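Asker: There's a structure below that I have some questions on.
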Amino acid sequence: MSVEAEKSKAGAKHQKNVPWIEKYRPVEFNQIVGNQETVARLSVFAREGNVPNIIIAGPPGVGKTTTILCLARHLLGASFKEAVLELNASNERGIEVVRQKIKGFAQQKVTLPPGRHKIIILDEADSMTEAAQQALRRTMELYSSTTRFALACNSSEKIIEPIQSRCAMLRYSKLSDAQVLAKIQEVCKEENVEYCDDGLEAIVFTAQGDMRQALNNLQSTYEGFGFVKSDNVFKVCDEPHPLLIKDMLTHCVKADIDEAYKVLAHLWKLGYSPEDIITNIFRVCKTHQDIVEFLKLEFIKEIGSTHLLLMQGASSLLQLSGLLARLCQVSLTTKD
């Protein structure tokens with residue numbers, strides 16, 4: 001066998017063993033799902049060349065880091081390896097990293113075409129300590145002629161004002177269910193995954209607009225069971241089944257506390273945490289077709305206040321039972 005053939009065989013084997021979140025990570029702007037307007041602006045930056053420092057803020061799994069990598073590839077081409085420094089600020093976040101790694105890289109000389117700059121990518125930038133961020137703002141000024149900074153974060157409020165004012169701020173929103181569904185259907189076709197429609201619906205439900213989560217759940221379900229259906233998905237994701245939650249809410253609408261509590265007790269015996277149960281109650285409630293709008297709003301108000309109590313540490317079956325009682329009471333009051 002020739003050397004080329006062996007290499008291509010090894011490459012194919014490697015691709016087979018790669019997690020799908022990496023295998024299907026976009027490498028071009030047109031492959032990125034969602035946030036089209038922001039991606040279009042960045043593709044213009046990539047074409048024109050002179051990119052400002054940027055901060056991309058948004059929830060996990062919507063393509064923040066992927067977009068920055070696409071931008072860097074587009075701008076730097078063959079020089080990508082030597083002209084890009086990628087750091088994950090959640091595990092390298094102290095002032096020493098800024099003083100040594102970042103400053104050292106900014107001082108390095110790399111020959112690039114006119115209008116192109118070295119790029120320092122800081123993932124999870126909101127995890128950096130304030131001292132590190134203060135040191136970073138000076139570095140951004142000193143090396144602005146040769147280096148650009150791209151910061152990805154979940155919450156832009158945790159980035160100090162002086163850095164925010166030196167950057168173009170781009171915000172990403174959660175992906176829509178339709179966008180996630182279209183992508184996982186595409187992956188199913190590529191990987192010859194057998195599925196039924198309720199299985200993909202369950203993947204979309206558990207992902208909640210997070211593409212990384214959707215692909216991970218799809219791969220886990222397929223590798224574990226060989227067939228993607230809703231029961232298998234909820235076994236893998238270990239979340240309370242939405243049909244049980246829906247059943248429980250329907251009993252609350254009828255003000256039938258006994259039947260609603262039976263479902264809750266069943267979920268509790270299965271070992272689900274109160275946080276998982278309350279989160280799914282909210283998700284199911286907001287899309288429940290059989291609850292009229294004004295009642296749904298009252299339900300969500302009660303669910304929200306109970307969620308707050310659970311987050312503050314009052315995490316018990318009693319709190320969830322109290323929620324069911326209040327939901328039944330709201331139903332009775334609105335009927336009157």
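The values are calculated or read from the model by the stated rules, or taken from the named source; none is laboratory data. Worth saying up front: this structure is predicted, and the values here are computed from it rather than measured. To get the accessible areas, we keep the full protein, side chains included, count just its heavy atoms, and leave off ligands, DNA and RNA. Shrake-Rupley method; radii C 1.70, N 1.55, O 1.52, S 1.80 Å.
Asker: Anything over 32 Å Cα to Cα? Flag those among K235/K301; K103/K158; K174/K235; K183/K254, in the order listed.
Answerer: The answer is K183/K254.
Asker: Next question. Going from most exposed to least, what order do V97, V187, V292 have by accessible area with a 1.4 Å probe?
Answerer: V292, V97, V187
Asker: Ordered by residue, what ³J(HN,Hα) values in Hz, to whole numbers, does segment 236-251 give under the Karplus form 6.51 cos²θ - 1.76 cosθ + 1.60, where θ = phi - 60° and Gly and Pro are x?
Answerer: 5, 7, 6, 10, x, 5, x, 5, 5, 4, 4, 4, 5, 5, 4, 5
Asker: Go through [x] 24.4, 82; [y] 20.9, 67; [z] 20.4, 62 and flag the label whose value is the computed Rg and Dmax of the Cα atoms in Å for this structure.
Answerer: Comparing each candidate, only [x] matches the computed number.
Asker: In the full protein assembly as shown, how much of M311 is accessible to a 1.4 Å probe, in Å² to the nearest 10?
Answerer: Roll a 1.4 Å probe over it and M311 shows about 110 Å².
Asker: Apply the Karplus parameterisation 6.51 cos²θ - 1.76 cosθ + 1.60, with θ equal to phi minus 60°, to every residue of segment 122-139 and state each ³J(HN,Hα) to the nearest whole Hz, in sequence, with x for glycine and proline.
Answerer: Per residue, the Karplus-derived 3J(HN,Hα) values read 10, 7, 6, 5, 6, 8, 5, 5, 5, 4, 5, 5, 5, 5, 5, 5, 5, 4 Hz.
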